[in-house]
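Undergrad: Handing you a structure now.
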Amino acid sequence: MTTVLRASSSSEFLRLVPPLAGFTPRESMVVVPFQATRTSGAMRLDLPRDEVDLDAYADTAIALVSRVERTDAVALVVYTDDAAQVTRDGVVLPFSVEVDVVLGRAADAGLQIVDALCVTPSGWGSFLVDEPSLEPVADQPAPLIPGIGDVSGDQSAGTDLPSTDFAERERVGRALHEITTLLDRDPSRGLSGSNDPQALAAILLLDDVPVFFESVLAAGGSLPPFVTAALLWCLDRPLLRDVAITQWATDIVDGIRTLDAQLEFSAARTPVPDDLGEVFLGHGPRPDLDRLEQALAVVRAAAARAPRASRPGPLTAAAWLSWALGRSSHAGRYLEMVREIDPQYGLAALLETMIGAALLPEWAFRRETTA
């Protein structure tokens with residue numbers, strides 16, 4: 001179902017930006033791609049501060065909107081805590097120079113300018129008029145869009161991990177220690193009746209890793225301690241973590257293919273099939289977004305209950321899943337959490353490079369077709 005939002009003025013358009021973005025931006029430049037009078041989303045960049053290369057910044061902003069299928073126009077909104085300057089010659093909006101450069105790149109790319117606005121603590125104004133003035137920001141709440149939910153928080157809202165108590169984290173930590181001890185022991189020693197039956201049952205789940213990864217999706221974030229520990233054990237190991245990410249973005253068949261390919265690569269450096277490697281880079285068919293959301297809920301819950309040293313795996317998976325859902329700001333926050341624990345964590349560094357280059361998944365640029 002397509003929800004139609006109409007704006008007859010700049011003030012009305014401002015009310016629509018949070019629902020389009022999925023949050024209320026702060027300290028951001030938001031670019032909105034249009035096809036004629038229609039749009040299906042918005043893209044957020046941090047404001048260009050701290051000696052940012054402005055030409056490169058403008059190129060990146062316009063390259064992003066230009067990649068959206070059939071885009072022929074763009075709107076731009078700056079959200080800043082900086083105050084507008086009132087001079088004898090009138091009001092000077094923050095980031096006027098920077099916005100001029102971005103709009104110039106848009107014109108060079110053949111894009112029409114729908115609007116260019118600035119929201120400050122004292123009101124909003126337009127960059128497109130010779131003598132801007134500040135208008136009060138409307139008090140009306142943003143219009144509700146089915147499936148979007150509350151958009152009153154900023155771009156970082158929703159990244160806090162679920163709350164857990166000490167006892168819950170302690171149970172998962174002990175379960176992970178027991179599972180790891182059993183799996184790392186000399187196989188010739190075998191198992192004994194003194195082993196915790198829950199640990200043995202969790203290990204049996206790992207006899208078929210793709211089936212296990214599929215089963216945790218159905219349970220959401222409500223996994224028993226030993227199942228959470230088994231998932232953490234997998235996500236602690238890059239080979240299995242990458243299988244989980246690919247499978248959750250595709251299906252169990254590709255999960256099995258990815259596991260086989262990873263094992264072959266580990267044993268004989270046999271190349272991983274291109275179509276599986278492309279998934280990680282955001283190429284190929286659009287994933288099932290509900291499936292990605294389920295996986296994100298699972299890894300966020302696992303990270304919240306994990307011992308600190310075992311959090312980088314689920315947090316990095318959360319970062320990739322957020323990125324795949326088009327939430328680069330959320331992905332960046334999860335990567336910050338990883339860096340606080342392990343600055344050298346390999347996959348996190350790769351994701352940071354991708355996000356820093358404003359690389360988004362290919363499917364984020366495809367307009368949804370309607371019947």
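Undergrad: So, in the range 339-365, exactly how many residues are within 14 Å of the chain's Cα centre (by Cα) and in contact (Cβ under 8 Å) with a residue 24 or more places away in the chain?
TA: Number of matching residues: 11.
Undergrad: Where residues in the range 306-327 are outside any helix (DSSP H, G or I) and within 16 Å of the chain's Cα centre (by Cα), which of them is modelled with the highest pLDDT?
TA: Checking each candidate, the answer is Leu325.
Undergrad: Considering only the range 138-190, state which residues are of a type in the set (Asp, Glu), surrounded by 11 or more Cβ atoms within 10 Å (Cβ to Cβ) and at pLDDT below 90.
TA: Result: Asp150, Asp154.
Undergrad: How many residues are among the aliphatic types (A, V, I, L, M), modelled with pLDDT under 95 and not in a loop (DSSP other than H, G, I, E, B) if we restrict to the range 77-96?
TA: So the answer is 3.
Undergrad: Can you list the helices (runs of 4 or more DSSP H) found entirely within the range 217-290 that contain at least 2 residues being of a type in the set (D, E, K, R), at pLDDT below 95 and not assigned by TED's automatic domain parsing to the domain that holds Leu315?
TA: In the range 217-290, no matching helices (runs of 4 or more DSSP H) lie anywhere.
Undergrad: Does Leu223 qualify as being aliphatic (A, V, I, L, M), buried (at least 16 other Cβ atoms within 10 Å of the Cβ) and out of contact with any Cys (no Cβ under 6 Å at 6 or more places or on another chain)? If you could, list the steps in order and put the result at the bottom.
TA: On the way: aliphatic (A, V, I, L, M): yes; buried (at least 16 other Cβ atoms within 10 Å of the Cβ): yes; out of contact with any Cys (no Cβ under 6 Å at 6 or more places or on another chain): yes.
Answer is yes for this residue.
Undergrad: Could you please give the count of residues in the range 54-76 that are touching a helix residue (DSSP H, G or I) at 6+ places or on another chain (Cβ under 9 Å) and part of a loop (DSSP other than H, G, I, E, B)?
TA: Within the range 54-76, residues that are touching a helix residue (DSSP H, G or I) at 6+ places or on another chain (Cβ under 9 Å) and part of a loop (DSSP other than H, G, I, E, B) number 3.
Undergrad: Also: Here's a check for you: in the range 150-173, which residue that is in contact (Cβ under 8 Å) with a residue 24 or more places away in the chain and part of a helix (DSSP H, G or I) is farthest from His330 (Cα to Cα)?
TA: This residue is Arg171.
Undergrad: Taking the range 99-120, which residues are touching a strand residue (DSSP E or B) at 6+ places or on another chain (Cβ under 8 Å) and surrounded by 18 or more Cβ atoms within 10 Å (Cβ to Cβ)?
TA: If the condition is that a residue be touching a strand residue (DSSP E or B) at 6+ places or on another chain (Cβ under 8 Å) and surrounded by 18 or more Cβ atoms within 10 Å (Cβ to Cβ), then Val99, Val102, Leu103, Ala106, Leu111, Val114, Asp115, Ala116, Leu117, Cys118, Val119 are the ones that fit.
A quick yes/no check of all residues on (1) on the phi < 0 side of the Ramachandran plot; (2) surrounded by 20 or more Cβ atoms within 10 Å (Cβ to Cβ); (3) of a type in the set (Phe, Trp, Tyr):
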| site | (1), (2), (3) |
| --- | --- |
| Val17 | yes, yes, no |
| Met29 | yes, yes, no |
| Val32 | yes, yes, no |
| Ala36 | no, no, no |
| Met43 | yes, yes, no |
| Asp46 | yes, no, no |
| Val52 | yes, no, no |
| Ala56 | yes, no, no |
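Undergrad: Let me ask something else about it. Identify the single condition in (1) closer than 18 Å to Ser328 by Cα; (2) part of a helix (DSSP H, G or I); (3) touching a residue at least 24 places away in the same chain (Cβ under 8 Å) that Asp100 does not satisfy, given that it satisfies every other one.
TA: (1)
Undergrad: With respect to Ala303, is the statement that it is touching a residue at least 60 places away in the same chain (Cβ under 8 Å), part of a helix (DSSP H, G or I), of a type outside the set (Ser, Thr, Tyr) and assigned by TED's automatic domain parsing to the domain that holds Ala317 true?
TA: Yes; evaluated as a whole, the condition is true for this residue.
Undergrad: Here's something else I'd like to know. Which members of the range 327-344 meet the condition of being surrounded by 20 or more Cβ atoms within 10 Å (Cβ to Cβ) and touching a helix residue (DSSP H, G or I) at 6+ places or on another chain (Cβ under 6 Å)?
TA: Ser328, His330, Ala331, Gly332, Tyr334, Leu335, Val338, listed by residue number.
Undergrad: Take Leu128 and decide whether it is under 19 Å from Met29 (Cα atoms), at pLDDT below 95 and not polar (S, T, N, Q). Give the derivation first.
TA: On the way: under 19 Å from Met29 (Cα atoms): yes; at pLDDT below 95: yes; not polar (S, T, N, Q): yes.
When the stated conditions are applied, Leu128 passes them.
Undergrad: Out of (1) assigned to a strand (DSSP E or B); (2) among the charged types (D, E, K, R); (3) over 30 Å from the mean Cα position of the chain (by Cα), what's the single condition that is false for Asp130?
TA: Failed condition: (1).
Undergrad: Which condition number in (1) buried (at least 19 other Cβ atoms within 10 Å of the Cβ); (2) farther than 20 Å from Gly326 by Cα; (3) of a type in the set (Val, Ile, Thr) is the one that Val65 fails?
TA: (2)
The values are calculated or read from the model by the stated rules, or taken from the named source; none is laboratory data. Note that the coordinates shown come from a computational prediction; the quantities given were computed from them, not determined experimentally. Virtual Cβ from ideal backbone geometry, glycine too; neighbours counted across all protein chains shown.
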